[in-house]
Amino acid sequence: MHRAKTGFLNKDGIRIHPSEDFAGMRAAGQLTAESLDMIAEFVKVGVTTGELDARIQAFIEDAGAVSATIGYRGYEHASCISINHVVCHGIPGSKVLKDGDILNIDVTCILDSWFGDSSRMYVAGKLSRRDERLIEVTHETLMLGIAAVKPGNTFGDIGAAIQAHAEGNRMTVVRDFCGHGLGQVFHSAPNVLHYGRAGSGAVLEEGMFFTIEPMINLGKPFTKVLADGWTAVTKDKKNTAQFEHSIGVTADGCEIFTLSPTGKFYPTW
Ligand code: MF3
Ligand code: CO
Ligand code: CO
């Protein structure tokens, strides 16, 4: 059944949701987080990314939800699995995980018309010190970006917090992909940049729903998309990492919809 979108668009074209909408986002976000928790024990040397994707798809469908990515602009999988120098939108398939691979798994579920979108890093085999540091700093950038979220702050405050921490650790922020509004749609205004100037951009208001999903590189920030039309890689082939949460702005901060119910958001927790 068609359901009218709730809330209203503010002067920047960003949807402001009523407080009742948080429950739907919380449920969709929790299912997304559960799928990312579930897959953790299967990420091992020797497994294919296609096997991981099939498990995620089955988990989502068994829960009575649907994958937002299957059928999205021709994409055919329930997850994006991005290994080593793949920045995002890695396509699951016959690729076999090998010792020392780091990978991002990104899942978006639709539950009862609400979207939950989250990604985390995983490790196959032994983690190198360099990649451990990359993952740690990337996770910290996401949490620092989230810490900047409260009514009256701006989207520029989020980007500035992320950029300062990445560059302060001699890493770089990918400019070619950004976070996004979501709710009863997958991608909506605003573009949530992971770099920028404090105080710039639209003002945050209670009832906004969006993702923050910084991609942080060990080398230069530049990316290119491979001939498959999806896989984005670092141009210099150095490793990259990403974490993503879906959040809602509250009266005094934000609610993270996609927190791990078992506390496994970070790979070594
Ligand atoms: N989940 C991704 C995001 O964070 C989008 C993936 S679209 C796909 O916005 F088609 F590549 F799956
Ligand atoms: Co997203
Ligand atoms: Co995502």
Going toward the positive end of the dipole of the stretch 12-152, with +1 on Lys and Arg Cβ and -1 on Asp and Glu Cβ, which of Ile60, Trp114, Ser79 do you reach last?
Ser79
Positive-end residue of Thr172, His89, Val149, charge dipole of the chain with Cβ unit charges
Thr172
Taking the convex hull of Cα positions in the stretch 200-265, its mean projected area over all directions (nm²)
7.1
Simple SL model, points at 7 angstrom along Cα→Cβ for Ile16 and Asp62; separation in nm is 4.3
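In this model, which of Lys98/Lys264; Lys5/Lys220; Lys98/Lys150; Lys44/Lys150 are farther than 31 Å apart at the alpha-carbon?
On the way: Lys98/Lys264 22 Å; Lys5/Lys220 40 Å; Lys98/Lys150 41 Å; Lys44/Lys150 39 Å.
With Cα atoms farther than 31 Å apart: Lys5/Lys220; Lys98/Lys150; Lys44/Lys150.
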Using a cut-off of 11 Å between beta-carbons, work out the net charge of the residues near Gly183 (Lys and Arg +1, Asp and Glu -1, Gly183 not included).
0
Farthest positive-ward along the chain dipole, Cα basis, beta-carbon charges - from Met38, Thr250, Val225
Val225
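Please label the shape of the stretch 155-225 as rounded, prolate or oblate, based on the square roots a ≥ b ≥ c of the eigenvalues of the alpha-carbon gyration tensor (a/c under 1.5 means rounded; beyond that, a/b larger than b/c means prolate, else oblate). Let's see the in-between values first.
On the way: a/c = 2.71, a/b = 1.47, b/c = 1.84.
Note, shape of the stretch 155-225 comes out oblate.
So which trypsin sites (Lys or Arg not before Pro) in the stretch 209-252 are both in a DSSP loop and have at most 12 other Cβ atoms within 10 Å of their Cβ? List each step's numbers first, then the result.
Working: sites: Lys224, Lys235, Lys237, Lys238; in loops: Lys235, Lys237, Lys238.
Loop-located and lightly packed - Lys237.
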So what's the chain giving for Cα Rg divided by 2.2 N^0.38 Å, two decimals?
0.94
Might you report the magnitude of the Cβ-based charge dipole of the stretch 76-145 about its Cα centre, with Lys and Arg at +1 and Asp and Glu at -1, to the nearest 20 debye?
340
Cβ-placed point charges (K, R +1; D, E -1), dipole of the chain about Cα centre in debye, nearest 20
900
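Since every read-out is calculated from the coordinates, none of them should be taken as a lab result. Everything numeric here is computed off the predicted structure, so don't read it as measured data. Reconstructed Cβ throughout: ideal geometry from the backbone, glycine too, with neighbour counts over all protein chains shown.
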